[in-house]
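Participant: Supplied in structure tokens, the structure appears directly below.
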Amino acid sequence: MHKHHSSHRTINGKNFVILPIIFCVLILGICTAVVYPSTYGLIAVSNLFFSGTGETKSSKYENIFVPVAEEEDVYDPDKPQTPRTVPISSIQYPVYGDLFGELIIEDCQIQDNMFFGDGDVQLNNGVGVYSGSFIPGYGRTILVAGHNNTYFNGLKYAKAGQKVKLRTSYGNYTYEITDVQVKLSTDKTAYDLLAEKENLIMYTCYPFDELGLTPYRCFVYAKFVSGPVIDKNS
Amino acid sequence: MSHRSHKRSKKSRFKSLVYIFLSFVLSFVLFLLSVCLVLRLTVFSGDFMKSAMSGTGYYEFVSEEFSDGMKNLGHASGLSDEFVDDFVKKLDFIEIEGEYIDAFYTGESTLVNTTHFKQTMLGALNDYIEENNIDREKASEANLSYLVDKVAELYVAHVSIPFFSVLGNYISKLDTPLRVTEIVLAILALGIAAILYFTNEYKHRRYRYLCYGLIGATLTTAVIPAVVGIMGFVSKANISSRSLYNLFVSYFNSFFNYFWIFAGIWALLSVLSFVMFYTRFKKAVNN
């Protein structure tokens with residue numbers, strides 16, 4: 001009897017911890033059961049959304065361009081030779097935003113930094129290879145964009161037969177302009193990203209040296225002449 | 001144990017279970033009330049958004065980013081960087097964003113109005129042409145108007161806040177239902193507290209069950225910001241714009257801070273009810 005009486009005279013402290021924890025788990029469980037089915041898709045998307053590193057767009061870029069000697073892979077029409085091959089494993093494939101080369105058209109007074117990607121930062125500092133196209137030597141289409149009032153202003157002088165040089169860390173390339181055409185920016189026939197042969201397409205807004213914008217673009221097409229071929233299997 | 005005392009003990013245990021259940025419901029109601037009040041003070045408040053904007057230098061960043069984008073368009077359209085700088089300087093982003101946010105909370109259109117912007121831009125372009133003696137043949141109306149449209153698109157992209165237009169529709173529609181829910185939950189919480197208080201014959205028990213409910217509400221309300229904080233979700237947001245990233249982080253940090261505030265209020269009330277319980281219990285034992 002005494003024992004029973006004394007148990008009533010002490011505070012059962014456990015209840016002040018265990019019961020609230022049980023309440024908390026139950027409430028959150030009920031809320032999850034109610035909310036989860038209708039927000040399942042949103043949760044899946046939010047996992048993607050919250051996978052960043054906290055880094056925002058910056059005007060900085062990585063420079064991976066270490067030019068090879070100018071005389072390397074130099075084009076000599078009198079001495080046609082088999083192009084050398086470069087194993088893909090030996091080159092540093094650029095990531096979006098990297099400065100990885102140089103584009104030169106002497107006849108058009110163009111000598112610009114060449115970036116991988118054609119966003120604001122790239123086009124404010126040079127010309128940019130569309131990241132959905134390919135790098136020189138890959139044997140596919142290289143689509144290069146630039147602004148008509150800055151780095152690609154010289155394209156207004158582009159003519160068939162002029163030489164275009166692309167310098168990269170793994171070799172120097174030469175192309176020859178074959179055609180210049182003005183087309184609508186929405187014209188999908190202006191370029192073929194699935195082409196199986198190496199070709200260079202440069203484009204910029206049109207017309208040149210005027211105030212205002214138009215939906216027209218000036219496309220300059222060039223064929224591959226010389227330069228190392230990237231061996232994709234090694 | 002006699003049959004009578006056994007029956008009394010069974011009745012007392014049942015009563016105790018009912019009170020524990022009521023404490024649980026009180027926890028739940030207080031948690032839901034916290035969620036509703038946090039929403040009222042944050043998502044449903046235009047001032048909250050504006051204060052997050054001014055607190056993170058949002059207007060300066062937006063102005064800078066818009067200027068960069070416009071300069072980029074300028075490089076494709078013959079506009080000088082100086083023109084862009086002068087033009088952007090004249091835009092009052094505090095006022096522009098203020099009008100945009102207010103439109104959401106008054107249930108008006110959630111689209112950014114570009115009419116005034118386009119007129120201002122066209123006016124500035126004509127002044128630029130005259131000041132720089134640019135040949136009108138090299139600045140056709142059609143090309144200028146196309147440029148203005150493209151800059152206006154850029155302007156809309158910078159002034160508007162992603163997903164806010166979707167949220168805006170719910171804000172105006174859910175304002176009254178949220179208010180009603182808050183009142184109902186507050187009445188319910190007071191009702192349950194009153195039942196716990198007035199139907200218990202022993203004074204210390206009144207506070208004990210209230211205390212259970214309040215501690216439960218404290219824990220539940222604190223769990224959400226604690227989990228979000230530990231996982232570091234907010235700072236991991238994949239947003240490339242500096243202005244939007246800063247706004248997002250500040251907005252949601254403040255949002256979750258409100259949960260801490262309510263958890264703090266419930267914790268304070270828990271301590272008070274525990275103290276009351278303890279003093280009453282001691283008194284009862286001494287008597």
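Okay, residues lined up against (1) modelled with pLDDT of 90 or more; (2) outside any loop (DSSP other than H, G, I, E, B); (3) within 30 Å of B:Phe104 (Cα to Cα); (4) within 11 Å of chain A (Cβ to nearest Cβ):
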position	(1), (2), (3), (4)
B:His6	no, yes, no, no
B:Phe14	no, yes, no, no
B:Leu39	yes, yes, yes, no
B:Phe44	yes, no, yes, no
B:Ser51	yes, yes, yes, no
B:Ser63	yes, yes, yes, no
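Participant: Suppose we filter segment B:141-172 for residues that are over 30 Å from B:Leu39 (Cα atoms) and of a type in the set (A, V, I, L, M); how many remain?
Facilitator: Residues meeting the conditions: 7.
Participant: Now for a separate question. In segment B:149-186, which residue that is surrounded by 14 or more Cβ atoms within 10 Å (Cβ to Cβ) and outside any helix (DSSP H, G or I) is farthest from the other protein chains (Cβ to nearest Cβ)?
Facilitator: In this case the residue turns out to be B:Ser160.
Participant: From the residues in segment A:10-54 that are outside any helix (DSSP H, G or I) and loosely packed, with under 10 Cβ neighbours inside 10 Å, which one is modelled with the highest pLDDT? Even if it seems obvious, please write down each step before you answer.
Facilitator: Filtering segment A:10-54 down to residues outside any helix (DSSP H, G or I) leaves A:10-14, A:50-54.
In the following step, the residues that additionally are loosely packed, with under 10 Cβ neighbours inside 10 Å were identified as A:10, A:13-14, A:53.
On the way: A:Thr10: 66, A:Gly13: 75, A:Lys14: 80, A:Thr53: 71.
Out of the qualifying residues, it is A:Lys14.
Participant: Just the residues that are in contact (Cβ under 8 Å) with a residue 12 or more places away in the chain and in a helix (DSSP H, G or I), please, taken from segment B:187-205.
Facilitator: In the first step, residues of segment B:187-205 are kept if they are in contact (Cβ under 8 Å) with a residue 12 or more places away in the chain; the result is B:188-189, B:192-193, B:195-197, B:200, B:202-205.
Across segment B:187-205, the qualifying residues are B:Leu188, B:Ala189, B:Ile192, B:Ala193, B:Ile195, B:Leu196, B:Tyr197, B:Lys203, B:His204, B:Arg205.
Participant: Further question on the same structure: Kindly indicate whether B:Tyr197 is at the interface with chain A (Cβ under 10 Å from one of its Cβ atoms) and more than 30 Å from B:Ser241 (Cα to Cα). Write out each step before concluding.
Facilitator: Working: at the interface with chain A (Cβ under 10 Å from one of its Cβ atoms): no; more than 30 Å from B:Ser241 (Cα to Cα): yes.
Here the answer is no, as B:Tyr197 does not meet what is asked.
Participant: Are any residues in segment B:240-250 farther than 13 Å from B:Glu64 by Cβ, surrounded by fewer than 19 Cβ atoms within 10 Å (Cβ to Cβ) and facing another protein chain (nearest Cβ under 7 Å), and if so, which ones?
Facilitator: B:Ser240
Participant: Sort out for me the strands (runs of 3 or more DSSP E) sitting completely within segment A:156-234 that have 1 or more residues that are free of Cβ contacts under 8 Å to residues at least 40 places away in the same chain and assigned by TED's automatic domain parsing to the domain that holds A:Gly146.
Facilitator: It comes to A:171-184, A:216-226.
The values are calculated or read from the model by the stated rules, or taken from the named source; none is laboratory data. Model, not experiment: these values are computed from the prediction. Heads up, the Cβs are rebuilt from the backbone with ideal geometry, glycines too, and the neighbour counts pull from every protein chain shown.
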